[in-house]
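Here is the structure we will look at, set down as structure tokens.
Every number here is computed from the coordinates shown, using simple stated rules; none is lab data. Keep in mind it's a predicted model, so treat the numbers as computed, not measured. Because the Cβ atoms are built from the backbone with ideal geometry, glycine has one as well, and the counts that use them run over all protein chains shown.
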Amino acid sequence: MKSKFLSLMILILLTLSACSEEMNNDKGLIKVDIQGEFITKIENEKILVVSNIPQDFSSSGGVKEYYNATWLYNVESSDLKTLKIGQKVEYTTKGLTMTTYPGSVELDEIKIVKMKSPTTTNLTVEEVIREAINRSPQIEVFILKDLTFDEDRQKWLVQFMDGLEKESKKMNLEINDH
């Protein structure tokens, strides 16, 4: 009886260890928290800031997934020297927002939000987002949907979409972590 019990326990332990090895196959994937608003374009004295947090206006006849995109104008030259495409920001505005898409409003203050990059990467999160935007010049309103680092392959996996496309599909891009 004891030998049967011992054999059964060994079989269960072997099965559990095989399962845990199988689950560890995804261990090399590090998902980065990217909730917020990002600079996607810089032109003259204005910047385009796009949110990747969807708003649902379908209950009032609007779209199910709306992503805020706003041109911030009258950006001070001192700010323009430090602001870069791919940075996460928080800002306040002055006056009324033009309701076109993307909207347009005067910038009051802007603050860069430091993003945490995985410790095993060479590129920062901001550099990866900037590279993805630079590789996708056809995208007018770049909406970052997902950002994952694959440790095993040393590649960043970027998922994004174009906010100006009515039936915008998610697109994927791989970026080497050089």
Review point. Roughly what angle does helix 2-23 make with the longest principal axis of the chain, taking Cα atoms, 0 to 90 degrees, to the nearest 10?
Key: 20
Practice item. Step through the table entries Lys27/Lys111; Lys27/Lys81; Lys31/Lys64; Lys111/Lys155, compare each Cα-Cα distance with 31 Å, and write down the pairs that go over it. Key: Lys27/Lys111; Lys27/Lys81
Practice item. With no solvent and one equal point scatterer placed on each C-alpha of the range 126-169, evaluate the Debye formula and give log10 I(q)/I(0) for q = 0.28, 0.34 Å⁻¹, two decimals. Key: -1.03, -1.25
Review point. Of the labelled options (1) 177; (2) 114; (3) 130, which one gives volume of the Cα convex hull per residue in Å³ as computed for this structure?
Key: (1)
Check your understanding: Which one of Ser58, Ser104, Ser117 has the biggest mean-square fluctuation once the chain is modelled by GNM with Cα springs under 10 Å?
Key -> Ser58
Check your understanding: Using a Gaussian network model of the chain with C-alpha springs under 10 Å, which one of Gly163, Gly95, Gly103 is most mobile by mean-square fluctuation?
Key -> Gly95
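Compute the normalised compactness of the range 65-140: alpha-carbon radius of gyration over 2.2 N^0.38 Å, N being the residue count. Mind showing how you got there, number by number?
On the way: Rg = 14.3 Å, N = 76, 2.2 N^0.38 = 11.4 Å.
For the range 65-140, the normalised Cα radius of gyration is 1.26.
Local charge sum around Gln154 (other residues, Cβ-Cβ under 14 Å, Lys/Arg +1, Asp/Glu -1)? Please report the intermediate quantities before stating the final value.
Working: positive: Arg153, Lys155; negative: Asp150, Glu151, Asp152, Glu174, Asp177.
Computed value for this residue: -3.
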Revision key, fill the gap. Relative contact order in percent for the range 29-176 (Cα pairs under 8 Å, 6+ apart) equals 22
Study note, to complete from the structure: Subtracting the Cα-Cα distance of Glu106 and Glu167 from 0.36 nm times their residue separation yields 19.0 nm
Check your understanding: So how tilted is helix 125-134 from the main axis of the chain? Cα-based, degrees 0 to 90, rounded to 10.
Key -> 60
Review point. At what distance in nm do the modelled label points of His178 and Asp152 sit from each other, each positioned 7 Å from its Cα along Cα→Cβ?
Key: 2.6
Revision key, fill the gap. When the chain is treated as a Gaussian network with springs between alpha carbons less than 10 Å apart, the largest mean-square fluctuation among Pro102, Pro118, Pro137 is found at Pro137
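What does the net charge come to around Lys46 if you take all other residues with beta carbon closer than 13 Å to its beta carbon, with K and R at +1 and D and E at -1? Can you show the working numbers first?
Values: positive: Lys41; negative: Glu43, Glu45, Glu76, Asp79, Glu106.
That sum, taken over residues with Cβ under 13 Å, equals -4.
Is it possible to state the helix-based mean residue ellipticity at 222 nm for the chain, with each DSSP H run of 4+ residues giving -39500 (n - 2.57), the sum divided by total residues, to the nearest 500 deg cm²/dmol? What is it?
Details: 3 runs with 38 residues, N = 178.
Calculated mean residue ellipticity at 222 nm is -6500 deg cm²/dmol.
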